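Contents: one structure, followed by commentary.
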Amino acid sequence: FKLKIFILNQFCGGFFLNQHYNPAFISLQMMKHAWDNYKRYAWGLNELKPISKQGHSSNLFGNIQGATIVDALDTLYIMEMKDEFKEAKEWVERNLDFNVNAEISVFEVNIRFVGGLLSAYYLSGEEIFRKKAVELGEKLLPAFNTPTGIPWALLNIKSGIGRNWPWASGGSSILAEFGTLHLEFIHLSHLSENPIFAEKVMNIRKVLNRLDKPEGLYPNYLNPSSGQWGQHHVSIGGLGDSFYEYLLKAWLMSDKTDEEGKKMYYDAVQAIETHLIRKSSGGLTYIAEWKGGLLEHKMGHLTCFAGGMFALGADGAPADKTGHHIELGAEIARTCHESYDRTSMKLGPEAFRFDGGVEAIATRQNEKYYILRPEVIETYMYMWRFTHDPKYRQWGWEAVEALEQYCRVDGGYSGIRDVYSNHQSHDDVQQSFFLSETLKYLYLLFSEDDLLPFEHWVFNTEAHPLPVLRGDDEKKEEEEK
Ligand code: DMJ
């Protein structure tokens, strides 16, 4: 890695050395390498296997193809990779096809495909992306045909038949899945002038608001037929995470007019603080999981996004709690950084624990992997924007160095099976979210704040920026300015 920086400096007149944290390294070196190899070995397929140098297909997208292309569109645009954006757009025009007999994950297709297409449209103004986003949104509508209107997790987009994951508590739908449609569906209604999308997600709110919440918390499982909670498991990581994120962002994206979303978010954070947030004896703040009233002192890599969320919500926090929410964000960022720093590879494990004498360390073999996830870097990016404390850029750069040293291979970037080991064992998958989220958040972390400013843009949970929707009066005022 150091050698690479040295060589780059020879060619670029010390550019990379003088401006140590230059975002150009992320675009010219990292994004280019990830994209070029995807293009070379897996073009048109969903993801790349960078070791075996072939395509990777996950059943999350059924046989819809091109997940990496659609997920990466806005990153290419933001990084000004014009040729690559053009070839990606041409692929979408010619090949992106939703008329397939495929059972897909409604959540994954929404956040990656609908979200990716919407952002590409808003950034570039190219009509093809709007058209494809609305077409796909329409394909997802049959998922809401349940007695309560809480959508199925899985949907065959040809037959319109839906079902839930067989492992999910007594046929339940998952909070983080049906709770992570709101931003995209509001924009689909906005762009199609068809209210149906917004109606579907507003009904989810209605169902949730009618239910009693144990200790004010939202369980991860909800049965779409009975409208009752499944098991009382609560998590701010997997199965729960982006539901909370979307309450806050729905309010921000509505130009702070969605009072219901706002109230639901701050009430939920209050309950999370009371029942889930704890401090370890070594002084690390963490967010535990809650199982029917009992705490499991474990935090997932996924949960680390919450640092950024608390900081983003700080400004609107009720009575003099702004500083407190920023502080909470900073503490979660520190804990998640520790989870990276306490490994051999300086990359964080999938889950880390605070029991049995350990702090911020994975104790189970099946929790020691790192699959190129973005959440910790996402939190650094938000904390940097809100505080400008240089440590967040420094921590982000540590992650860049580790990614270059351990995850970069000839054929792209790969996840790691055990971040505590001294020998890297690659999982051979370059996840599409590495291009849409991890690299985008790194790029933003090292860029100026006026690139996608938070007053105008809200990021969906896959890091696809969506514009704040302003009322007509505000729009006029802005134009006059
Ligand atoms: C992404 O697809 C999204 O960030 C989602 O909300 C959670 N998991 C992955 C990245 O880790």
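Under Stokes-Einstein, with the Kirkwood radius over Cα pairs standing in for Rh, what whole-number D in µm²/s applies to the chain at 4 °C and 1.567 mPa s?
Calculated translational D: 57 µm²/s.
In whole percent, what relative contact order does the stretch 148-244 give with Cα contacts below 8 Å and a gap of six or more residues?
So the answer I get is 33 percent.
At R0 = 51 Å, how high is the FRET efficiency between Lys32 and Leu211 if r is their beta carbon distance? Nearest 0.05 is fine.
The value I calculate is 0.60.
Per-residue ellipticity at 222 nm for the chain, helices alone: DSSP H runs ≥ 4 residues times -39500 (n - 2.57), over residue total, nearest 500 deg cm²/dmol?
-13000 deg cm²/dmol
Pop out the carbon and sulfur fraction of the accessible area of the chain as a percent, whole number, probe 1.4 Å.
C and S atoms contribute 48 percent here.
Quick one: 3J(HN,Hα) in Hz for the stretch 168-183, Karplus 6.51/-1.76/1.60 with θ = phi - 60°, rounded, Gly and Pro as x.
7, 2, x, x, 6, 8, 9, 3, 5, 8, 6, x, 10, 10, 4, 4
Find the accessible area per residue for the chain; the probe is 1.4 Å, ligands and nucleic acids are left out, and the unit is Å².
Per-residue value: 39 Å².
For the residue pair Asn145 and Ser159, what label-to-label distance in nm results when each label sits 7 Å from Cα along the Cα-to-beta-carbon direction?
Once both label points are built, they end up 1.2 nm from each other.
Which lysines, if any, have their Cα less than 24 Å from the Cα of Lys368, not counting same-chain residues under 8 positions apart?
Excluding near neighbours in sequence, the set is Lys49, Lys279, Lys291, Lys298, Lys346.
How large is ³J(HN,Hα) for each residue in the stretch 390-405, as worked out from phi by the Karplus curve 6.51 cos²θ - 1.76 cosθ + 1.60 (θ = phi - 60°), to whole Hz, x for Gly and Pro?
Calculated HN-Hα couplings, in order: x, 4, 5, 5, 5, 5, x, 5, 4, 5, 4, 4, 5, 4, 5, 6 Hz.
Just to confirm a number: summing +1 for Lys and Arg and -1 for Asp and Glu over residues other than Leu451 whose beta-carbon lies under 15 angstrom from that of Leu451, what do you get?
Taking every other residue near Leu451 into account, the sum is -3.
If amide hydrogens are placed 1.01 Å from N in the peptide plane, which non-local residues have theirs closer than 5 Å to the one on Lys158?
Ala102
Would you check the accessible area of Arg364, probe 1.4 Å, heavy atoms only, in square angstrom rounded to 10?
Per-residue accessible area (Arg364): approximately 120 Å².
Give me, ordered by chain and number, the residues 5 or more places off Glu296 or on other chains with an amide H under 5 Å from its own placed amide H.
Result for Glu296 returns Glu289, Trp290, Lys291.
Exceeding 22 Å between C-alpha atoms, which entries from my cross-link table qualify? They are Lys82/Lys249; Lys256/Lys475; Lys391/Lys440; Lys200/Lys249; Lys256/Lys391.
As for pairs spanning more than 22 Å Cα to Cα, those are Lys82/Lys249; Lys256/Lys391.
How about the stretch 160-235: which chymotrypsin sites (Phe, Trp or Tyr not before Pro) there are in a DSSP loop, with at most 13 other Cβ atoms within 10 Å of their Cβ?
Answer in residue order: Trp167.
Expressed in nm to one decimal, what extension gain is obtained for the pair Glu477 and Val100 from 0.36 nm per residue of sequence separation less their Cα-Cα distance?
Computed gain between Glu477 and Val100 is 131.2 nm.
Between Thr257 and Asp320, 0.36 nm times their residue separation minus their Cα-Cα distance comes to what?
Additional length available on full extension: 20.6 nm.
The values are calculated or read from the model by the stated rules, or taken from the named source; none is laboratory data. Note that the structure is predicted; figures quoted are calculated from it, not measured. Reconstructed Cβ throughout: ideal geometry from the backbone, glycine too, with neighbour counts over all protein chains shown. Side chains are part of the model used for accessible areas, which takes the heavy atoms of the whole protein and leaves out ligands, DNA and RNA. Shrake-Rupley method; radii C 1.70, N 1.55, O 1.52, S 1.80 Å.
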